[in-house]
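My structure is below; once you've seen it, I'll send some questions.
The values are calculated or read from the model by the stated rules, or taken from the named source; none is laboratory data. Please read all numbers here as calculations on a predicted model, not as lab measurements. Here Cβ is always computed from backbone atoms with ideal geometry, including for glycine, and neighbour counts include all displayed protein chains. The protein model used for the area step is the full one, side chains on, heavy atoms only, and it has no ligands, DNA or RNA in it. Shrake-Rupley method; radii C 1.70, N 1.55, O 1.52, S 1.80 Å.
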Amino acid sequence: MKKKTRPAAHYRIVDGVAHREIEGQTLLLVGSESGLLTLNATGQFIWRRLVKARNVATIVTAFQREFGVTTDVARRDVGVFLDMLESRQIVRRG
């Protein structure tokens, strides 16, 4: 019997979130927060892929290759970052 697979999760950037790259840094301006969020290198790497509406599995694979980490570490790191963005209402699943 063939095992059913669930489609990979996608995240979308919430309306009202502005982002800019200035001098190599990615800055996020969130309508519900005052101030800017500055992303570190790993956050910037993930964010650039979110902008292209890639699924999480694709982001994890690219992260693993870029940073030379195991799949488990890549899944964890990408997941933690996405959870943080979701909790701050910067992204949503779907």
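Looking at segment 62-81, which of its residues are exposed (fewer than 15 other Cβ atoms within 10 Å of the Cβ) and assigned to a helix (DSSP H, G or I)?
65, 66, 67, 71, 72, 73, 76, 79, 80
Pairs needed: first member in segment 74-94, at positive phi; second member anywhere, of a type in the set (Lys, Arg); C-beta distance under 8 Å; at least 6 residues apart or different chains.
Cβ pairs passing all conditions: 94/12.
In segment 1-55, which residue that is of a type in the set (S, T, N, Q) and under 19 Å from residue 82 (Cβ atoms) is modelled with the lowest pLDDT?
32
While we're on this one: Cβ-Cβ below 8 Å, separation at least six or inter-chain, first residue in segment 42-71 and more than 22 Å from residue 20 (Cα to Cα), second modelled with pLDDT of 95 or more and open to solvent by 70 Å² or more (accessible area, probe 1.4 Å): which pairs?
From segment 42-71, the pairs are 60/75; 64/70.
Of all residues being under 15 Å from residue 17 (Cβ atoms) and part of a helix (DSSP H, G or I) in segment 82-94, which is most open to solvent (accessible area, probe 1.4 Å)? Just the residue, please.
Among those that are under 15 Å from residue 17 (Cβ atoms) and part of a helix (DSSP H, G or I), it is 87.
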